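Bear in mind that the values in this text are calculations on the coordinates, not laboratory data. Keep in mind that this is a model prediction, so the values were computed, not measured. FYI the Cβ positions are ideal-geometry reconstructions off the backbone, even for glycines, and counts take in every protein chain you see.
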Amino acid sequence: MRLYLLALNPTDSVTEGFLPAAGRLGLDVTVLTHDAQPHRGCGAEVVECDVRDLREVIGEISRRPAPDAVFSNSDHLQTQTALAAEYFGLPGKDWRAALRTKNKAQLRRHLAACGADTVWSAELAPGEDTARLLALDVPYPCVVKPREGVASEDVVLVADGTELRLRCKEIRQRREGAPLVVEEFLQGELHTLETLGDGSWRHMLGGFRTELSPPPYFIEERLTFVPEPELPHPAVGQVLRQLDALGVGFGACHTEFVVHDGRARIIEVNYRAIGDHCDLLLARLLGIPLFEHVLRTHLGEPLPAELGARTDGRARLEYPYADRAGTLTSAPQRRDLTVDGVELTYRPLRPVGERHELHHTNRDYLGVLRATGRDQDAIDRAVEGFLAAERWEITP
């Protein structure tokens, strides 16, 4: 069976998760990507293709062995992938749902039109004067972000109209031609919900309680796993109803939401598996073939009524990140160890000797520390001990 996997930059989710899973399923994989070189050596056929252009994707696949599945775990390629799957008569996501979740302005409009939730939001088109925004009754503080951005890149909290104008100008200088969204700041405890569906059946895999950097930026510093039975279920029910309104229910989905006074408000919907090593941790913690399940849905196989996921596991992820631009001159190496029954896995995300600017996003991550076990207090002690013993040094 032939799987066409659409990708942009290489990610751990694909190289350590989906490609090995495809191998275990006996699939022949062709990776379609805009730049083949970084993907060389991934163990699959790699073909250069303008994957952002649906016409090129369909044309490239049509010249090759017939597809049994078309799949992507990229935020940027869900709509193209869904349309390509539909073109070839294959299972896939509803392209309308993929578009609604990627386009943050459309997400707000659709939820409001359905009566599912209303968040004050305004869209700023490329080249449009910010004076129109300033004339509106903007609820300060508010959040400015690219309409189709990812990973909290160029997402910033602003306090007033002067700062709003300044931040819009700065983002436009970095992202020429990118439409922006300005929306009310949603207060509350930040959570994620991880789901897996086949279009008629949906499983909740659990979620993460997320701790962010101090404002005005939104860097995810720490994620603590919350098993499915311990999720804030009245609020989760509200989130699921909003996902239903968006048409989300096929394959993996990573939803970020806040809970305030018992009310759940969606921050964003990422219609793919959670990244930054969280999906790798989930598969291990739950004891299920998570990546295989995702691929099987795209092959048209129904999910089992019970996944058999464990619910006694606990986990925490920590992301040491740069607080200044410069060269990383000292950092711990790749490491796997066990401390008081807690499994610690540290993976560097930036090589020593490499210089980077400061981005105020997860692109500033220096590494990721995954900790799993059965006792949260023991996990927290092991993580804090590791972080206290190690050093990450950046030379300006």
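Once both labels are positioned 7 Å from their Cα atoms along Cα-to-Cβ, the gap between Arg24 and Asp160 label points is 5.6 nm.
Among the GluC sites (Glu not before Pro) in the stretch 288-343, those placed in a DSSP loop whose Cβ has at most 16 other Cβ atoms within 10 Å are Glu306. Backbone N atoms of the stretch 380-396 closer than 11 Å to the 7 Å Cα→Cβ label point of Thr329 belong to residues 393-396. Only lysine pairs 8 or more places apart, or on different chains, with alpha-carbon atoms under 15 angstrom apart are counted in the stretch 65-204, and they number 4. The relative contact order of the chain, computed from alpha carbon pairs under 8 Å that lie at least 6 residues apart in sequence, is 14 percent. Extents of the stretch 176-221, largest first, come to 39, 29, 18 Å (Cα atoms, principal axes, whole angstrom). Just to verify a number: FRET efficiency for Ala122 and Ser62, C-beta to C-beta distance, R0 = 30 Å, to 0.05? The calculated FRET efficiency here is 0.15. At an R0 of 51 angstrom, the distance between the Cβ atoms of Phe88 and Ala178 translates into a FRET efficiency of 0.95. Each label was represented as a point 7 Å from its Cα along the Cα-to-Cβ direction; for Thr338 and Asp312 these points are 1.6 nm apart.
The residues neighbouring Leu3, those whose beta-carbon lies less than 10 Å from its own, together hold a net charge of -1 under the Lys/Arg +1, Asp/Glu -1 convention.
Tell me what the chain gives for mean residue ellipticity at 222 nm when only DSSP H runs of n ≥ 4 count, each as -39,500 (n - 2.57), the sum divided by the residue total, rounded to 500 deg cm²/dmol. Display every interim value, and only then the final one.
Details: 11 runs with 108 residues, N = 396.
Roughly -8000 deg cm²/dmol at 222 nm, from the helical runs in the chain.
Pick from Ser213, Ser152, Ser72: which residue has the top mean-square fluctuation in a GNM of the chain where Cα pairs under 10 Å get a spring? Fluctuation is largest for Ser213.
Averaging Cα coordinates gives a centre for the stretch 124-142 and one for the stretch 24-75; these two points are 40 Å apart.
For a modelled paramagnetic label at Asp244, 7 Å from Cα along Cα-to-Cβ, the residues of the stretch 274-313 in reach, with backbone nitrogen under 20 Å, are 303, 305-306.
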